[in-house]
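Each value in this text was obtained by applying a stated rule to the coordinates, not by laboratory testing. Here the structure is a predicted model, which means the values were calculated and not measured.
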Amino acid sequence: MEESNRRMLRARDAMDRAYAQPLDVPALARIAHVSESHFTRTFRATFGETPHRYLQRRRVERAMFLLRETDRSVTDICFEVGFGSLGTFSRTFRDIVGRSPRAYRKEAVAVNVPTCFTMAWSRPRS
């Protein structure tokens, strides 16, 4: 069990590092040294969500930060965090956060508190 968890953490760490890169289940399964189907089942059992959903959430978390802290366009942020189309980004953002990227930007206020608190308070709940 410990070895399985270590393999899943290795894959999750790779997703955290390269969230903006195109990542797919076969590549992640190779990182974890398991088959694709075993990887998907074990990842979901370990972390409570599929690898695809985890990667989407990580990308949206980064987008939330960029929307709060920069004045860059939503389109630029969409492509920087790894989404291939603005429509997919907006739909996924709304599914995870509960409002559109533009609405989130209007409501979000950057405050001077430690990043760890901001991340905990604004973490998507999906």
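Give me the angle, in degrees from 0 to 90, between the Cα long axis of helix 86-97 and the longest principal axis of the Cα atoms of the chain, rounded to the nearest 10. It works out to around 90 degrees. In the set (1) 20, 19, 15; (2) 23, 21, 14; (3) 28, 16, 12, which value of semi-axes √(5λ) of the Cα gyration tensor in Å was calculated from the structure you see? Structure-derived value, by its label: (3).
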